[in-house]
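Each remark here refers to the structure printed beneath this line.
The values are calculated or read from the model by the stated rules, or taken from the named source; none is laboratory data. Quantities reported herein were computed from a predicted structural model and do not represent experimental measurements. FYI the Cβ positions are ideal-geometry reconstructions off the backbone, even for glycines, and counts take in every protein chain you see.
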């Protein structure tokens with residue numbers, strides 16, 4: 001997909017990938033993208049390789065190009081897009097590790113030969129109010145051992161490895177690669193959620209688990225909540241709802257200006273996303289403002305699509321019904337406090353706190 005131009009995904013290839021994912025979306029919603037074939041499709045179309053540098057066995061696409069691809073994937077199947085972001089975060093953490101670790105894992109991840117996911121919510125947004133770390137790294141002899149829990153791990157029971165973060169006794173967050181078959185690791189049953197249960201998100205317990213490898217604690221890592229990928233998924237999901245409005249507008253011209261206005265808003269946010277992705281260090285306030293705007297759009301566009309499809313859209317399994325439920329993800333997933341506050345204030349028709 002990115003072999004000839006890593007700065008932009010090929011339009012025809014991206015359209016073919018979207019069609020494949022859309023055809024598998026119902027199965028993915030039930031079984032997850034690993035079992036439906038959606039994740040294999042990402043590998044076959046070359047998208048997985050785009051997230052991994054050329055020196056590590058990938059094709060090294062640029063950040064704007066990857067975000068464009070994420071928007072397209074989310075517009076076809078939000079479950080697959082969510083899983084892809086977790087896989088990509090795991091790969092990016094592994095890429096900060098030793099040469100031996102990168103050489104042993106990243107080429108296989110780029111080809112889709114093995115799968116990985118990430119479990120770092122305990123370091124960003126989940127259970128941080130608790131006095132002791134949810135997951136601790138304990139040094140015994142020459143090895144690290146993990147004790148505690150990862151409360152949210154997407155696809156833990158469908159992945160070969162988890163990249164997770166734990167806090168050592170001196171308060172340093174450390175990152176590890178853990179095989180899902182490791183002794184002492186227990187994967188909980190996937191949680192039945194409001195939406196995206198196909199992501200097979202579950203809690204993972206660690207009872208004296210020895211990791212496969214440690215990733216250097218000083219390395220850069222995607223541990224800040226509310227990154228650009230989350231906004232990309234919200235914009236992509238919005239476009240799926242806007243497509244439903246376009247479909248309804250074909251028979252009801254009064255809906256055309258509504259669909260057009262939503263489309264303009266989505267395009268404006270996509271342009272802002274591309275600009276921020278091109279910055280070496282995106283401005284945090286601009287990033288949060290984009291996430292807030294994308295959250296608002298995805299919820300409103302889903303509600304508009306449901307309203308336009310009338311009673312048919314209210315039946316379980318209809319794309320509009322699913323779109324409304326899936327839009328709620330962005331109110332809770334990787335949502336920094338300042339973004340959550342802005343969303344709640346908007347719902348209450350109050351100005352967000354400065």
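In the set (1) assigned to a loop (DSSP other than H, G, I, E, B); (2) closer than 30 Å to residue 237 by Cα, the condition left unmet by residue 163 is number (1). Taking the range 231-275 as the range and being touching a helix residue (DSSP H, G or I) at 6+ places or on another chain (Cβ under 6 Å) and over 22 Å from residue 326 (Cα atoms) as the test, the residues that pass are 249, 255, 256, 272, 274. Among the residues of the range 45-66, not one is buried (at least 24 other Cβ atoms within 10 Å of the Cβ) and under 24 Å from residue 301 (Cα atoms). Inspect all residues belonging to the range 36-51 and state whether any of them is at positive phi and under 15 Å from the mean Cα position of the chain (by Cα). No - not one qualifying residue is present in the range 36-51. Each residue in the range 277-329 was checked for being surrounded by 14 or more Cβ atoms within 10 Å (Cβ to Cβ) and either touching a strand residue (DSSP E or B) at 6+ places or on another chain (Cβ under 7 Å) or assigned to a helix (DSSP H, G or I) (or both), and 36 pass. Which of the residues belonging to the range 147-171 are crowded, with 24+ Cβ neighbours inside 10 Å and either modelled with pLDDT under 90 or at positive phi (or both)? Scanning the range 147-171 gives a single hit, 155.
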